[in-house]
Amino acid sequence: MAPCYTVGEFEVRPDERRVLCGGAPVVLGSRAFDLLLCLIEHRDRLISKSELLELVWPGVVVEESNLTVHVSALRKLLGAQAVATVPGRGYRFAMAVAETNSEAPVREIRHSLPAERDAFVGRAEALTALSQRIQSGARLVSVLGLGGTGKTRLVTRYGRSWLGEFPGGVWFCDLAPARSLDGVVSAVAQGLDIPLGREDPLVQVGHAIDGRGRCLVILDNFEQVARHAQSTLGRWLDRAERACFVVTTREVLGLPGEDVLALPPLPPADGIALFVLRAEAASSDFHPGSQDQLAIAPLVDLLDGLPLAIELAASRVRVMPPRLLLQRMSERFKLLASKGGRIDRHSTLRAAFDWSWDLLPPHEKAALAQLSVFEGGFTLEAAEAVIDLTAFDDAPWTVDAIHALVDKSLVRPRGDDRFDLLVSVQVYAAEHLETEGRYAGSGPQAMAAAQMRAIAWFGALGPIRAIQGRCADLDNLVTACRRAVALGDGDSAAGALDGAWDALRVRGPFETGVELAESVCGMLGLNDRAAAHAQSVLGHALVVCGRLGPARAVFDRALACAVATGDRPCEAWVTFRLGLLHFDQGRMDDARAQYVAAIQFAQEQGERRLECSAINQLGVVAQVVGRTDDALLQFERALALARETGDRQLQGSPLANIANLHAALGRMDEARARCAESLAVARDTGDRRLEGNTLCNLGMVCFVQERLADAEEASKAALVVARELGNLLLECIVLCNLGIVFERLDRPDEAQTHFEAAVRLARALGDPLYEGQFLGYLGLLHSRQGRHGEARSCLESGEALLRGVSDRFGLGVLLTSRAEAHYLAGDAMAATASLAAAAAIAAEVGAGPASEVALALTRVSALIASPRTRNQAALKKTVAADRLWPISGTQ
């Protein structure tokens, strides 16, 4: 049986003589199919027209026009650049091909690979070599080469073509903006699509990779952070034993087990094909005559086969044909070839940049140089704020200058209204910005002025825009904050810190927020307004990192500074964040008071985002203390306000809490509907925290409906999300839920392991509410296994904790567990007393007949009233049948 081939979204099946797209057959003529198969099977080389005619029409004399017609048909099907034309020589198949098994099921594999904006050319040998090394067991392959050799395109193509080999996904992590260990971790977390949580970010990333099993992690542009290889990549290799890593770098990392694949320049035929393809894309009028065709090969050779240099040269055919490009580049390279006549590759690439620079008009030179102050890309709006072209007469609109630089391949589009520079281009442009005489006005003062404009822009960005585009400006915000601190600009530093922290809360690492806030708070001469904002962020960052002890004093200082300067919005946010601290410490009355005050502040200031968040948290407190009607009212108010603002992400938290409350009260239809809404918001906005909470709740909905396999699957999925996020609170809740599911499945050892892990984690977090609830579940399991001493200890400790935080729902459930434990231990009187106390709480909180506490009351009452022999026989069938879940609403 002949192998099948995967080409982009198409599957080619030679034995069936069919082409499929998405599983559906594609209409393709017989000769066109033969031509496609021929090109695929000879994809490692250029095929002349005469050879193609002989292979596709063996023994038949046909005109070349027939070949042209069928090539056009293939391009129409596969894309205009699928088949490359090498003028005067023949054709070459320009798409990556992977051999597949036609009987293998189609799987949807997650990935974060960037989209390919144009056709991939050549590199068949390198792709095969990379695949063979991974298949032979290599777990770390470093693709080695200098800038411009096409390392990124190669590994991206490999990831896309071999996607099916990695069921855990292929994850592209761009380290280009990274300059520190924090930068590496943040970039990898972004590529893996995991916001970082309270855990050590290095450890969390390792857990996330390990949790994805057989996966491929691509670390692009590692050279500038190679000094951190052992402390990052080395640790992840040890942690995630089934994961494979491919690194692009300009230097060997020196890690144990590293397999180095040196990437050479393109061979002449591929270089020519690349030039022609890019030239045709740059100019629809590119139809080289005989002299220009003859000039292409020596031009590519002079460019040393470097893809970036070739593409830069090809982009200029709109103003200069190949023969003139050859003349100009020859003069430039004679200067660089002074040492023994050898053209150094770095010099060659720099010559390409110099040549591109020389072709720019003065205002575009200034624009490119000033763009170098951005870290991690920029929007057009940000570029307009930073680029100053007022010194140039008749200078164009800044947006036009950016577009001109895009056209000349010096600026890269990175999605909707977002652009960036290659690292090498950024370094090159920064040198010109800081050096006098490179263009009118360049020099150290120009660099300082551009940086100050960037600081001012990002210092005023604000929290809402800071999290747009999945926090795309995080690096810019962090850089702006650090630069402002170095320059002693307290107002800008505090402003940038506000935005950076809102982004860091979503993407992490949280400890960077603490470090930034501490640096701003430590500035000399910081005014009260800036100090209030910086202390507010510092306190919140400490709370999120689980360092609750010092947070109160920090918040007190923030509040004093905000009051002193009359900054009411800041005072409002400090008040709200103090409520979060009180809640985490189990002080529900204090938390409620802070939220009420924050709502009043927000309404006075028109801070609807704060008002929504505080109302939502007020509902969480109401639910914890058993005021369910009030809790639902607050959640619905928060949801209505979020919808009025049009902020879809803001709607997620109240939706999750409403679903949770309905489920706790036994209203499963309402809970399921709200879960579906919440999950849709999470996936639409990329909110992994909300997704994890919703999966957690859905797992328990399945449990109540006796879909135990679905409950286990959803809960395990929630656990993966929680660990990827580093969301320890969600992790401990899901661990408890899995314990509940395993107990119902009559797997008591697994249930005990999960309950104990949940208790340990809640205790480490300093969370008495969840620790008390989890001890209740663990205690009942001990009792049912005949360990009455351990059961009594757990239940007594849990009851004390829940009474301390006024958790009426949790206390009601725990008291039913105590009643059952007393009964199983032979103390019927104590069992009756506990049951009566639980019934009183159920009536107090208005628990419906399908709620967790009501179900528990019904089951335990029947247990106590029935003959003991019958109870023992039925116990396995009723184990944990009333269980639901602890509160898992978001903040």
Discussion item. Out of A383, A401, A369, I need the residue that is farther than 22 Å from L474 by Cα and open to solvent by less than 40 Å² (accessible area, probe 1.4 Å). Which one?
Written reply: A401
Worksheet item: For segment 187-234, how many residues are over 27 Å from L730 (Cα atoms), among the small types (G, A, S) and open to solvent by less than 30 Å² (accessible area, probe 1.4 Å)?
Response: 3
Worksheet entry | Hits in segment 619-636 (condition: open to solvent by 20 Å² or more (accessible area, probe 1.4 Å) and within 31 Å of the chain's Cα centre (by Cα)) | E636
Response to the item:
The condition from (1) outside any loop (DSSP other than H, G, I, E, B); (2) in contact (Cβ under 8 Å) with a residue 24 or more places away in the chain that S834 misses is numbered (2)
Item to complete: Looking at (1) open to solvent by 20 Å² or more (accessible area, probe 1.4 Å); (2) touching a residue at least 40 places away in the same chain (Cβ under 8 Å); (3) touching a helix residue (DSSP H, G or I) at 6+ places or on another chain (Cβ under 7 Å), find the lone condition where Q585 falls short.
Response: (3)
Item to complete: Within segment 135-165, count every residue that is at pLDDT 90 or above, within 11 Å of L216 (Cα to Cα) and assigned to a loop (DSSP other than H, G, I, E, B).
Response: 1
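In segment 545-556, is there at least one residue being assigned to a helix (DSSP H, G or I) and basic (K, R)? Step through it out loud before you land on a result.
Taking segment 545-556 first, the residues assigned to a helix (DSSP H, G or I) are 551-556.
Restricting the remaining residues to those that are basic (K, R) gives 552.
Within segment 545-556, one or more residues are assigned to a helix (DSSP H, G or I) and basic (K, R).
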Worksheet item: F275 versus (1) part of a loop (DSSP other than H, G, I, E, B); (2) surrounded by 24 or more Cβ atoms within 10 Å (Cβ to Cβ); (3) not β-branched (V, I, T): which is the lone unmet condition?
Response: (1)
Item to complete: Quick one: in segment 410-422, of everything that is in a loop (DSSP other than H, G, I, E, B) and under 25 Å from V317 (Cα atoms), which residue is modelled with the lowest pLDDT?
Response: L422
Item to complete: Test V188 against the criterion of being at pLDDT below 90, β-branched (V, I, T) and not in a loop (DSSP other than H, G, I, E, B), and give yes or no.
Response: no
Worksheet item: Within segment 427-455, restricting attention to residues that are under 29 Å from C173 (Cα atoms) and small (G, A, S), which residue is most open to solvent (accessible area, probe 1.4 Å)?
Response: A430
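Of all residues in segment 456-472, which are open to solvent by 40 Å² or more (accessible area, probe 1.4 Å), assigned to a helix (DSSP H, G or I) and not aromatic (F, W, Y)?
Applying the first criterion (open to solvent by 40 Å² or more (accessible area, probe 1.4 Å)) to segment 456-472 yields 456-457, 460, 463-465, 467-470.
Filter once more, so that each one left must be assigned to a helix (DSSP H, G or I): 456-457, 463-465, 468-470.
Within segment 456-472, A456, P463, I464, R465, Q468, G469, R470 qualify.
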Discussion item. Would you confirm, using the coordinates I've provided, whether V203 is in a helix (DSSP H, G or I) and not charged (D, E, K, R)?
Written reply: yes
Response to the item:
For segment 258-269, pairs from a residue that is at positive phi and open to solvent by less than 50 Å² (accessible area, probe 1.4 Å) to a residue that is of a type in the set (V, I, T) and modelled with pLDDT under 85, with Cβ under 9 Å and 6 or more apart or across chains, are none
Discussion item. Anything in segment 260-294 that is of a type in the set (G, A, S) and within 30 Å of I134 (Cα to Cα)? List them, or say none.
Written reply: A262, A269, G271, A273
Worksheet entry | Condition met for D393 (open to solvent by 30 Å² or more (accessible area, probe 1.4 Å), of a type outside the set (A, V, I, L, M), free of Cβ contacts under 8 Å to residues at least 12 places away in the same chain and in a loop (DSSP other than H, G, I, E, B)) | yes
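From the list R609, R529, pick out the single residue that is open to solvent by 20 Å² or more (accessible area, probe 1.4 Å) and more than 22 Å from D647 (Cα to Cα). Before you say what the answer is, go through the steps one by one.
Details: R609 fails: more than 22 Å from D647 (Cα to Cα).
Among R609, R529, only R529 is open to solvent by 20 Å² or more (accessible area, probe 1.4 Å) and more than 22 Å from D647 (Cα to Cα).
Within segment 396-409, track down each residue that is part of a loop (DSSP other than H, G, I, E, B) and without any contact (Cβ under 8 Å) to a residue 60 or more places away in the chain.
First, pick out the residues of segment 396-409 that are part of a loop (DSSP other than H, G, I, E, B): 396-397, 408-409.
Across segment 396-409, the qualifying residues are P396, W397.
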Worksheet entry | Residues of segment 108-157 that turn out to be open to solvent by 40 Å² or more (accessible area, probe 1.4 Å), basic (K, R) and either over 24 Å from G254 (Cβ atoms) or in contact with an Asp or Glu (Cβ under 6 Å, 6 or more places away or on another chain) (or both), as a count | 4
Item to complete: Working only within segment 42-74, note down all residues that are crowded, with 16+ Cβ neighbours inside 10 Å, under 38 Å from the mean Cα position of the chain (by Cα) and not hydrophobic (A, V, I, L, M, F, W, C).
Response: R43
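Got a number for residues in segment 537-573 being touching a residue at least 60 places away in the same chain (Cβ under 8 Å) and β-branched (V, I, T)? Let's see the steps before the verdict.
Pass one, segment 537-573, residues touching a residue at least 60 places away in the same chain (Cβ under 8 Å): 544-546, 548.
Narrowing further to those that are β-branched (V, I, T): 544.
Qualifying residue count, segment 537-573: 1.
Can you go through R547, R577 and tell me which one is open to solvent by 30 Å² or more (accessible area, probe 1.4 Å) and farther than 30 Å from V853 by Cα?
Numbers: R577 fails: open to solvent by 30 Å² or more (accessible area, probe 1.4 Å).
Among R547, R577, only R547 is open to solvent by 30 Å² or more (accessible area, probe 1.4 Å) and farther than 30 Å from V853 by Cα.
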Fill in: Close pairs (8 angstrom Cβ cut-off, 6 or more residues apart or separate chains): among the aliphatic types (A, V, I, L, M) in segment 40-55, open to solvent by 30 Å² or more (accessible area, probe 1.4 Å) and in a loop (DSSP other than H, G, I, E, B) anywhere
L46/R89; L53/V62
Worksheet, complete the sentence: Picked from segment 781-799 (must be over 26 Å from G586 (Cα atoms) and assigned to a helix (DSSP H, G or I)), the residue most open to solvent (accessible area, probe 1.4 Å) is H788
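The values are calculated or read from the model by the stated rules, or taken from the named source; none is laboratory data. None of these values were measured; they are calculated from a predicted model. Don't worry about glycine lacking a Cβ; one is built from the backbone with ideal geometry, like all the others, and counts go over all protein chains shown. Just so you know, the surface numbers come from the protein's heavy atoms only, side chains and all, with ligands and any DNA or RNA stripped out. Shrake-Rupley method; radii C 1.70, N 1.55, O 1.52, S 1.80 Å.
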